[in-house]
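Heads up: the structure comes next, in structure tokens.
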Amino acid sequence: MNLGSFQTFKALSTAMGILGTTKPSLWPFLEKTGVLVSGLSVGDLIPSETAGAAEALEDDFAPFAHAGGVHSYHFHPTGDHHLAGIDHTNYSFGDGTVDSPFSVGAWIIPNAIVTNVIVAKYDSAGNLEEWRFFIDSAGKLSLELHDASASATEIAVSSAALAIGRQHFVVATYDGGETAPVVNLYVDGVLVNDGSTAETGAYVAMENTAAPLTVGCSGVTATPVAEFHGRIALPFVAGKALSAAEVLQLDEIYGVLLGVR
């Protein structure tokens, strides 16, 4: 059943309420044409391709209109397809000394599951790494927290790999405890790890770098890295560690907006 515009924006408003009042950002992908993806946030996204050139959604991203009035976009590494965001303090959750809580998530259908970034603020070429939410080389959902000065990381990994061609609502939450991080990973509202992270080096905290937010890759728009292959919809970032109950609420809202519930 298709939702009317009122129901669509009511659902989006409810989702934003769950994301809270600290640094919430949600990109509903309402657009099916053009070179701008507007956000319920401080920054919009630019559909981009090879060498960071802007590219109209209708030309390369194959927008699919879902029942709830939102779209999913298709990303393909061959064309360097990604959404380029800005650098903003709302997307940073560390000051080099301490971290703060945050969550990140999206609805995805992966066509590849080998080191594919979903959402990130992470430019390794410029030594501007902060965090990246991605599918690792073993096909497992992962969140990396990166201390750029120390070249140290804390990485959480799901217990099982994702499946190619299956739709999932994926979420990572971080409690902001840099000395003993708790990172929870969820797939379709179900916790898929034990909250622990593996540390490499001597991690202190993330730093607020100049790296831009990117959807569908890490790096910068001119040189995207670890590009996503498949569909993405409704990516979000928020300055709170969502509870398990809140993740389930978002899963239900996303299901309605995407017509999969």
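For K10, which aspartates and glutamates qualify as cross-link partners when the Cα separation must be under 20 Å and same-chain residues fewer than eight apart are set aside?
E31, E246, D251, E252
Grab the alpha carbons of segment 174-221, take their convex hull, and tell me the volume per residue in Å³.
It comes to 125 Å³ per residue, whole-number rounded.
Two decimals, Cα atoms only, Kirkwood Rh: what is Rg/Rh over segment 1-83?
1.01
Place +1 on the Cβ of every Lys and Arg and -1 on the Cβ of every Asp and Glu in the chain, take the dipole about the Cα centre, and give the residue among A152, F102, L234 whose Cα lies farthest towards its positive end.
L234
Over the alpha-carbon set of segment 74-127, work out the extent along each principal axis and list the three values in angstrom, largest first.
38, 25, 20
So for segment 35-168, averaging the separation of alpha carbon pairs under 8 Å that are six or more residues apart and normalising by length, what relative contact order in percent results?
16 percent
From Cα pairs below 8 angstrom and at least 6 apart in sequence, can you work out the relative contact order of the chain, rounded to a whole percent?
27 percent
Within segment 192-223, find all residues whose amide N lies under 12 Å from a label point positioned 7 Å from the Cα of A51 along Cα-to-beta-carbon.
Once the point is set 7 Å along Cα→Cβ of A51, 222-223 turn out to lie under 12 Å by backbone N, inside segment 192-223.
Rounded, prolate or oblate for segment 116-250? Axes are the square roots of the Cα gyration tensor eigenvalues, ordered a ≥ b ≥ c, and the cut-off for rounded is a/c under 1.5.
oblate
Can you give the angle from 0 to 90° between the axis of helix 244-258 and the longest principal axis of the chain, with both taken from C-alpha atoms, to the nearest 10?
For 244-258 against the chain, the angle is about 30 degrees.
Given the -39500 (n - 2.57) contribution per DSSP H run of 4+ residues, what per-residue ellipticity at 222 nm results for the chain, rounded to the nearest 500 deg cm²/dmol?
The helix-only estimate for the chain comes to -4000 deg cm²/dmol at 222 nm.
Carbon and sulfur atoms: what percent of the 1.4 Å accessible area of the chain do they account for?
Looking at the chain in its full context, I get 56 percent from C and S.
Normalised by the empirical 2.2 N^0.38 Å for globular proteins, what value does the Cα Rg of segment 190-261 take?
1.43
Please compute the contact order of segment 108-213 in relative form: average sequence separation of alpha-carbon pairs under 8 Å and at least six residues apart, divided by the residue count, as a percent.
After rounding, I find 29 percent.
State to the nearest 20 debye the size of the charge dipole of segment 73-214 about its Cα centre, where the only charges are +1 on K and R beta carbons and -1 on D and E beta carbons.
Computed about the Cα centre, the dipole is about 580 debye.
Is segment 35-90 rounded, prolate or oblate when judged by the Cα gyration tensor, a ≥ b ≥ c being the square roots of its eigenvalues, rounded requiring a/c under 1.5 and prolate requiring a/b larger than b/c?
Oblate, because a/c is 1.5 or more while a/b does not exceed b/c.
Determine Rg/Rh for the chain; Rg is computed over alpha-carbon atoms and Rh is the Kirkwood hydrodynamic estimate from the same atoms.
Expressed as Rg/Rh, it is 0.93.
Which lysines does K140 reach when only Cα atoms under 22 Å apart count, and residues fewer than 8 places away in its own chain are ignored?
Within reach: K121.
Find the accessible area per residue for segment 17-134; the probe is 1.4 Å, ligands and nucleic acids are left out, and the unit is Å².
Heavy-atom SASA per residue in segment 17-134 reads 35 Å².
Enter the angle in degrees (range 0 to 90, nearest 10) between the Cα long axis of helix 5-19 and the first principal axis of the Cα atoms of the chain, meaning the one along which they spread out most.
10 degrees
Dipole of the chain (Lys/Arg Cβ +1, Asp/Glu Cβ -1, origin at the Cα centre): which of T179, L19, Y91 lies farthest to the positive side?
L19
Might you tell me the accessible area per residue for segment 150-261, computed with a 1.4 Å probe and given in Å²?
36 Å²
The values are calculated or read from the model by the stated rules, or taken from the named source; none is laboratory data. Bear in mind that the values here come from a model prediction, so they are computed numbers and not experimental data. When we count neighbours, we look across all protein chains shown, and the Cβ atoms used for this are built from the backbone with ideal geometry, even at glycine. With ligands, DNA and RNA removed, areas are computed over all heavy atoms of the protein, side chains included. Shrake-Rupley method; radii C 1.70, N 1.55, O 1.52, S 1.80 Å.
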